[in-house]
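Working notes, structure below.
The values are calculated or read from the model by the stated rules, or taken from the named source; none is laboratory data. It should be emphasised that the depicted structure is a prediction, and the values quoted were computed from it without experimental measurement. Using ideal geometry, Cβ is built from the backbone for each residue, glycine included, and neighbour counts are taken over all protein chains shown.
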Amino acid sequence: MGKLALVLSVAAACTVASSPTAAFHFIPVNTAFTATGTVGFAQGMVGYVCTLNAKGKVGALGKVKITDVELTGSDKNCAATKPIHLPWKIKATGPSGGNIKKLGFNGPVGECGPDPGAIQVDGSGNWSFDLLLHPTCIFSGSVTTSPAITITK
């Protein structure tokens, strides 16, 4: 009977350790949000700055899906740069960071990505990033989420 109790205790501990509530996750859960900010692109010899407007949702398990992205600005390349492989999925990886999967754009010089990348998240819902996308693209900037989407454990 002692061995059975030990096995059940270990199994319970493993279940708690692997549950979503024990991992870092985005909050508030089950919340739609917008994200707006300034981003820069560099594709080969072409560089430009745009305003990024995105829509997303934090799911029940605290993972983010970015479902809509629009780029605007005075540079004609902004309107010519379109997101690919939406929705982009983001999982929190620590108290102030996350990993985005399959981020990509089709721009004036061709396709960038899809590639994974790290984002930084502060306690006020500001997200920043500086990503290298295949083959030779740089996508960097920061956005502010509304309502504020942050990370907790």
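Okay, here's what the table says:
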| quantity | calculated |
| --- | --- |
| Residue in region 79-92 that is of a type in the set (S, T, N, Q) and either farther than 29 Å from Lys153 by Cα or touching a Pro at 6+ places or on another chain (Cβ under 8 Å) (or both) present | yes |
| Only listed residue being of a type in the set (Gly, Ala, Ser), under 20 Å from His25 (Cβ atoms) and in a strand (DSSP E or B), chosen from Gly98, Gly123 | Gly98 |
| Of all residues in region 46-56 being surrounded by fewer than 17 Cβ atoms within 10 Å (Cβ to Cβ) and under 16 Å from the mean Cα position of the chain (by Cα), the one that is farthest from Phe139 (Cα to Cα) | Lys55 |
| Unique match (being within 13 Å of the chain's Cα centre (by Cα), under 18 Å from Lys55 (Cα atoms) and surrounded by fewer than 17 Cβ atoms within 10 Å (Cβ to Cβ)) among Ser142, Ser128 | Ser128 |
| Residues of region 21-44 that turn out to be without any contact (Cβ under 8 Å) to a residue 12 or more places away in the chain and either under 25 Å from Gly104 (Cβ atoms) or in a loop (DSSP other than H, G, I, E, B) (or both), as a count | 0 |
| Cβ pairs under 6 Å, 6+ apart, first in region 71-82 and assigned to a loop (DSSP other than H, G, I, E, B), second modelled with pLDDT of 95 or more | Gly73/Cys50; Gly73/Thr51; Asp75/Tyr48; Thr81/Leu71; Thr81/Phe105 |
